1. Mind telling me which of Ser30, Ser327, Ser92 comes out most flexible in a GNM of the chain, alpha-carbon contacts under 10 Å?
2. Please give the charge dipole size of segment 73-143, origin at the Cα centre, charges +1 on K and R Cβ atoms and -1 on D and E Cβ atoms. Round to the nearest 20 debye.
3. Show me, for segment 65-77, the HN-Hα J-couplings you get by feeding each phi into the Karplus relation (A = 6.51, B = -1.76, C = 1.60, θ = phi - 60°), rounded to Hz, glycine and proline as x.
4. For every helix of n ≥ 4 consecutive DSSP H residues, a contribution of -39,500 (n - 2.57) applies; sum these over the chain, divide by its total residues, and give [θ] at 222 nm rounded to the nearest 500 deg cm²/dmol.
5. Which trypsin sites (Lys or Arg not before Pro) in segment 136-184 sit in a loop by DSSP (not H, G, I, E or B) and have at most 14 other Cβ atoms within 10 Å of their own Cβ?
6. Could you sort 205-211, 77-83, 109-115, 159-165 so that the peptide with the highest average Cβ count within 10 Å comes first and the rest follow in order?
7. Looking at [x] 48, 21, 17; [y] 32, 26, 18; [z] 35, 20, 18, which value of semi-axes √(5λ) of the Cα gyration tensor in Å comes from a calculation on the structure shown?
8. Mind sorting Phe246, Phe74 by how few other Cβ atoms lie within 10 Å of their own Cβ, fewest first?
Amino acid sequence: MAMRMKDIAEELGLSVVTISKVLHNHPDISAKTRERVLKHVEARDYQPSMLGRSLVTGNSFLIGLVVPDLLHPFFAEVAKALSLAVRGSGYSLIISSSEEDPGLELQEMRQLLSRRIDAIVVASTATSGEAFQRMHRNNERVLLIDRKFPIEGGAFVGVDDVAAGRLATEHLIQVGCRNIAHIGGRENSTGLDRLEGYRQALLAANLPFSPKNVIHRTRVDTNSFGEGAAAARLLLSRKVQPDGIFCYNDPLAIGAMHVLLEAGVRIPEDIALVGCGNLHYDNSLLVPLSSIDQKSSEIGRVAGDIVLKMIANKEKNNGETVVLSPSLVVRASSRRGSAKATAKTAKAK
């Protein structure tokens, strides 16, 4: 049988309350007693019962995370930072993938909620916020990350995606690009906002914005390499090819890069390329990829702080919104020798 707190108390001749206070770092226990209990607990390899703790506190000490793809490096970095942020408070993270399927996403969220998790964090693949509005009305603790919906009082953590699109496109203009294409994402807040930033930068530089230069992709998280490659082939098939491409995310840009290089296109001399995400392998590619830093680790850390605050204050939804400023990281894929282009980073305006 598994050892119980009662067994530890009997072996040490102490009360169960005293053992519990030591394990929960209660301040009114003497240093001598604390040391004695902790040494005995370690020697006996005692693991506190989470079920018993849940019955006492009313919390499951579980937080759910639903993302479009578990293998996508951006979401992996968010999950790592989120897990680290909540671990110190005794919480564990249950991670699920929606595979960019809104129906599966809803199913996964329902499964997590049925386990009485204390909060749920979601990077949604849906185009409608109806499910989250309903969760909000039902007083579920839910926090949206990366993708948002206009939900009154809803909590959100992400980056300023309009600024991200604007930064990338302004940089391509600064290095001399005049016919800039955009390989875009889904019709959600991130995809639409990055497209809007791209459009704003072109118009501010008196360059034409043409919908023909925008190639929308749908499987941007689960099949991003293939989608980026297909989009690049389409651009290369045109009579007038672009001299710069801003991609919705880094995996799309990497797929596009492979096709461009296979076709003999010089990067950045013929076509300059910028992604979004600033993933950890961007600097080790055949042509190191310029990218917009989305602050993935910061998103995870802040999300952890917010959900812990929701739980500690017994708040279901506190409406807290944190929008981080993106930054530009310039590497070889867009460095054409311009003084502005050789800067290592540039902050959003």
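1. Highest fluctuation of the listed residues: Ser30.
2. Values: 8 positive and 9 negative charges, 86 e Å.
Around 420 debye, computed over segment 73-143.
3. Those phi angles translate into 10, 10, 10, x, 7, 6, 8, 5, x, 4, 6, 5, 5 Hz.
4. Per the formula, -13000 deg cm²/dmol.
5. Those satisfying the criteria are Arg178.
6. Numbers: 205-211: 11.4, 77-83: 21.0, 109-115: 14.7, 159-165: 24.4.
Descending packing order for the listed peptides: 159-165, 77-83, 109-115, 205-211.
7. Structure-derived value, by its label: [x].
8. Values: Phe246 35, Phe74 23.
Taking fewest neighbouring Cβ atoms as first place, the list is Phe74, Phe246.
Read-outs throughout are calculated quantities, based only on the coordinates presented, and are distinct from any laboratory measurement. Small disclaimer: the values here were computed from a predicted structure and weren't measured. For neighbour counting, all protein chains shown are included, and Cβ atoms are generated from backbone atoms with ideal geometry for every residue, glycine included.
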